[in-house]
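To start, the structure itself, in C-alpha cells.
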Amino acid sequence: MKIKVMPLGMIGTNCFVFWQEGDPRCGIVDPGADGEQVAAFLRGQGLEPQAILLTHSHFDHILGIPGLREQWPGLPIYCHPADADESRKTVRMFGSTFPAVASFGNLRHYREGDRVEVGPITLEVLETPGHTPGSVTLKGDGVLFTGDTLFRGSIGRTDLEGGSYEQIMASLRKLAALPGNYQVCPGHEELSTLDEERRGNYYLVQAMEG
C-alpha cells in the first residue's frame, strides 16, 4: 500500500491518501480543510477516489469534503453513526459554527468489524471512542489510521463535547493489544509505529498497565 500524508488547514490535520501501486483507485482518510489541494494531488497522480473515510467528524477533519465533491460529486463518506447525527446540519466548536458531516449527504455508516474495500485494499473498522463517541481506527495491512485517538507520544484531547478519558484509555488498551507492529498514521503531527508507542507513549503504557 502506498500512502501520501498531507497536513492541511490551520492546525495541520493529517489527510492520508492510500492506493495500491499500479491501480488508480484510492481512498482518502480525513480530507482536512483543503479538498482542492487533495484533488490536485489526485489528478497529478492519475488517481480516482472511491471513498472518503472519516476517523471522526470534527470540523478540521471534514471541511475538505466540498472541494473533493466538486470534482467527484458522488464520492461516498463513511463515518461512525455516533459521530453522524443525521438531524444535525451544523456544529459549534471554539465559538464558531461549522457544517456537520451529515450536511454533506451520501453518508454511509460503519461500525466495529466492518470492512471497506478500495480496489485491492481492505480496511477494517475498530471502534476507538474517547476523543469523540464515534471515533474509529482504520486497520489495514501493517497500518493503523488512528485519527485523534493515538498520536506520536500523546493522545487526543477528551475535554470536548462527547469526549471521555475512560473511553479513550480503553481504546488505547485495545490498540496496544493488537498482535504485531503497525505503522501509526495519526490525525496530527508525525507518524510513528505501534511498537514505539508501546515503549514510549505514557498514555499507552498506562492503558496497558490498567
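The values are calculated or read from the model by the stated rules, or taken from the named source; none is laboratory data. Keep in mind that what you see is a predicted model, and the values were worked out from it rather than measured. Please note: Cβ atoms are built from the backbone with ideal geometry, for glycine as well, and neighbour counts cover all protein chains shown. The accessibility values were calculated without ligands, DNA or RNA, using every heavy atom of the protein model including side chains. Shrake-Rupley method; radii C 1.70, N 1.55, O 1.52, S 1.80 Å.
Annotations
- Accessible surface of residue 109 - all protein chains present, 1.4 Å probe, nearest 10 Å²: 70 Å²
- Rolling a 1.4 Å probe over the protein heavy atoms of the chain, with every protein chain left in place, gives an accessible area that is 47 percent carbon and sulfur.
- Residue 104 accessible area, assembled protein chains, probe 1.4 Å, Å²: 40 Å²
- Surface analysis of segment 151-207 yields an accessible area of 50 Å² per residue, using protein heavy atoms and a 1.4 Å probe.
- Bridge orientation summary for the chain: considering DSSP beta bridges with both residues in this region, about 70 percent are antiparallel.
- Per-residue SASA entry for residue 139, accessible area with 1.4 Å probe, Å² rounded to 10: 40 Å²
- With the helix formula -39500 (n - 2.57) applied to DSSP H stretches of n ≥ 4, the chain reaches a computed 222 nm mean residue ellipticity of -6500 deg cm²/dmol.
- Ordering 85, 141, 159, 60 by accessible surface, largest first, gives 141, 159, 85, 60; the 1.4 Å probe counts only protein heavy atoms, with every chain in place.
- For segment 30-161, fraction of C-alpha pairs farther apart than 24 Å, in %: 27 percent
- Other residues with beta-carbon under 13 Å from the beta-carbon of residue 8 carry, at +1 per Lys or Arg and -1 per Asp or Glu, a net charge of -3.
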